[in-house]
Amino acid sequence: MVQPALDSMSSDPRSPENTPLLEFDQVGLEYPFEGSMRRIIQEVNLSIRPGEFVSFVGPSGCGKTSILRMVSGLNPAPIGEIRYRGQRIKKPLNNVGIAFQNPVLLPWRNTLNNVMLPLEIVQPYKKDFGAKKGEYIRMAQDLLSTVRLQDFQKQYPWQLSGGMRQRASLCRALIHQPEILLLDEPFGALDAFTREEMWTMLQALWMRVKCVGILITHDLREAVFLSDRVYVMSPRPSTIIYEEVINLPRPRSLEMELSDEFNHYFSNIRRHIHHN
């Protein structure tokens, strides 16, 4: 059942914040398998507003990562359509930032230069890179300060811990101020303490950029902490079986995990996963 809109949103459906940035319209996915087609995603219908952070949770193999690839335009939806600002996504979008479970930093570039990489290859930043390099360096340093890497700008990836590399990866994903941030289990390889620390840093970065965030995760507490909405997917052929609106104030602190309200959201989501 679809939940009501967030309380903080305007009640006027014509207001910019209530105009969807992304719309999923009967989105499905199937793959060839042993001479026939196997359905992975049965049907997904939902919309995501500008500046909203949503998570997808569900069993392995239900197509969560495929949703990110369809949104990015790397693999446009083969069944139904995903629309960005009302236009069907048919090719890769250039205003997307992506962070994966394993941060792929270039080993021959130091932290600062790794973070600045999108500014060298993504328009309109690319054409102005030479003239505005000093400004871009300050932008990168500002993000690195947000995640407490200001003293590690000249270090190379092999000189950084796993958590540091992931922080640098998040800064790189956001340096070009994308409208959409795609996160595929970005903290899954980290220990529990570092993972929770990363939640607060990601939240700080996301609140600065104010982009749409789409997170794939198996960690339900992570989903509650970071999200405005959490979508629960069924086993394949999958669909959205539950939607939880998270009305916790921001910025959120790790102490909130101990609250009754936080655990109420967690329990609701967990119950719907275990009932399917």
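Worth pointing out:
- Any hit, region 176-197, residues being surrounded by 19 or more Cβ atoms within 10 Å (Cβ to Cβ), under 14 Å from the mean Cα position of the chain (by Cα) and in a helix (DSSP H, G or I): no
- Contact map, region 188-201: residues that are in contact (Cβ under 8 Å) with a residue 24 or more places away in the chain paired with residues that are of a type in the set (Val, Ile, Thr), Cβ distance under 8 Å, separation 6+ or inter-chain. Pairs shown: Gly188/Thr217; Met201/Thr146; Met201/Val147.
- In region 93-103, residue surrounded by the most Cβ atoms within 10 Å (Cβ to Cβ) [restricted to those that are in a loop (DSSP other than H, G, I, E, B) and not hydrophobic (A, V, I, L, M, F, W, C)]: Pro103
- Residues that are in a loop (DSSP other than H, G, I, E, B) and within 18 Å of Val209 (Cβ to Cβ), drawn from region 104-122: Val122
- Scanning region 195-204 finds one or more residues that are at pLDDT 90 or above and either in contact with a strand residue (DSSP E or B) (Cβ under 9 Å, 6 or more places away or on another chain) or farther than 25 Å from Glu257 by Cα (or both).
- Residue check for Leu68: within 27 Å of Asn18 (Cα to Cα) and surrounded by 14 or more Cβ atoms within 10 Å (Cβ to Cβ): yes
- Identity of the residue in region 109-123, over 21 Å from the mean Cα position of the chain (by Cα) and touching a residue at least 40 places away in the same chain (Cβ under 8 Å), that ends up nearest to Arg167 (Cα to Cα): Thr111
- Candidates are the residues of region 221-248 that are within 19 Å of the chain's Cα centre (by Cα) and in a loop (DSSP other than H, G, I, E, B); the one that is nearest to His272 (Cα to Cα) is Ile246.
- The single condition among (1) modelled with pLDDT of 95 or more; (2) under 17 Å from Ile98 (Cα atoms); (3) in contact with a Gly (Cβ under 8 Å, 6 or more places away or on another chain) that His176 does not satisfy is (1).
- Unmet criterion (only one of (1) touching a Phe, Trp or Tyr at 6+ places or on another chain (Cβ under 8 Å); (2) buried (at least 21 other Cβ atoms within 10 Å of the Cβ)) for Glu120: (2)
- Residue check, Asp151 surrounded by fewer than 19 Cβ atoms within 10 Å (Cβ to Cβ) and at pLDDT below 95: no
- Only one of Ile137, Ile48, Ile40 that is surrounded by 14 or more Cβ atoms within 10 Å (Cβ to Cβ) and either acidic (Asp, Glu) or closer than 16 Å to Leu181 by Cα (or both): Ile48
The values are calculated or read from the model by the stated rules, or taken from the named source; none is laboratory data. Model, not experiment: these values are computed from the prediction. In this analysis, Cβ positions are derived from the backbone assuming ideal geometry, glycine residues included, and neighbour counts consider all displayed protein chains.
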